[in-house]
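> Can you keep this structure in mind? I'll have questions shortly.
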Amino acid sequence: MLIAVISDTHMGTPPSWLDNVYAGWLAPADFLIHCGDITSPSAWSYFMQHPNFLCVRGNCDWDPALADLKPALTAKVGPLTVGVTHGWGPRSQVPVKVAEAFGPDYDLVCYGHTHARDWSVVSGVRLVNPGSLGESGSLALVTVAADGNLSCEFVDVF
C-alpha cells in the first residue's frame, strides 16, 4: 500500500505544475493525506479528486470555506491507525508535541507546520513530515509492506 503525504501547500489557485505532481505521485497512491495549510478552497477542491483524500486544518487555513476541516483526525488507512495534524508551537518542539498528543497506539502520525522533512520515531511514535509542497516542492511517499513494515521516500518535485 502506498500513502502520499503532503503539507503546507500554501496555494491559491493550483499552479500548472501541480497536474504533473498529481499524475506522477499523488493519484497512484492508495491514500492522499494533507497535513494542513492548504489555504484555499480551490486547492482543497483540487486534492478532493483523490478518492481517499484526508485533510486537516493548519494555522493558515483561515478561509471560511475551510472551517469544517478539523485540526486533527484519526483514520484507518488500510491496516494502519493513522493520526494527522498540522502541528503547533515553536518548530523545534513540534515533533515532540505531536508524538505526545497522539501516543504509541498509532502506527503512523503525519504532521506539517515546520516545512522540514522528518521520518523519525519520537517516544515510540512513528512520525512523518513531508516538508512543504508549495514552498520547496517536497512530498513523502510511505510504503506499507506486506509484513506491515513502513518505509518512506521523500520526493523533490521541482
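The values are calculated or read from the model by the stated rules, or taken from the named source; none is laboratory data. These figures come from a predicted structure and were not determined experimentally. Ideal geometry is used to build each Cβ from the backbone, glycine not excepted, and the neighbour counts take in all protein chains shown.
> Just to be sure I understand, how many residues within the range 1-12 are within 26 Å of PRO64 (Cβ to Cβ) and either among the aromatic types (Phe, Trp, Tyr) or surrounded by fewer than 24 Cβ atoms within 10 Å (Cβ to Cβ) (or both)?
Count: 3.
> Quick one: ALA65 ticks every box in (1) exposed (fewer than 14 other Cβ atoms within 10 Å of the Cβ); (2) part of a strand (DSSP E or B); (3) in contact (Cβ under 8 Å) with a residue 24 or more places away in the chain except a single one, so which number is it?
(2)
> Next up: Of the residues that make up the range 91-114, is at least one at positive phi, part of a loop (DSSP other than H, G, I, E, B) and either in contact with a Cys (Cβ under 6 Å, 6 or more places away or on another chain) or modelled with pLDDT of 95 or more (or both)?
yes
> Scanning the range 16-63 for residues that are in contact with a Cys (Cβ under 7 Å, 6 or more places away or on another chain) and among the β-branched types (Val, Ile, Thr), which turns out nearest to VAL94 (Cα to Cα)?
Residue satisfying both the conditions and the ranking: VAL56.
> Something else now. Which condition breaks for PRO15 when tested against (1) touching an Asp or Glu at 6+ places or on another chain (Cβ under 7 Å); (2) farther than 16 Å from VAL142 by Cβ; (3) surrounded by fewer than 20 Cβ atoms within 10 Å (Cβ to Cβ); (4) not polar (S, T, N, Q)?
Evaluating PRO15 over (1) touching an Asp or Glu at 6+ places or on another chain (Cβ under 7 Å); (2) farther than 16 Å from VAL142 by Cβ; (3) surrounded by fewer than 20 Cβ atoms within 10 Å (Cβ to Cβ); (4) not polar (S, T, N, Q) leaves (1) as the failure.
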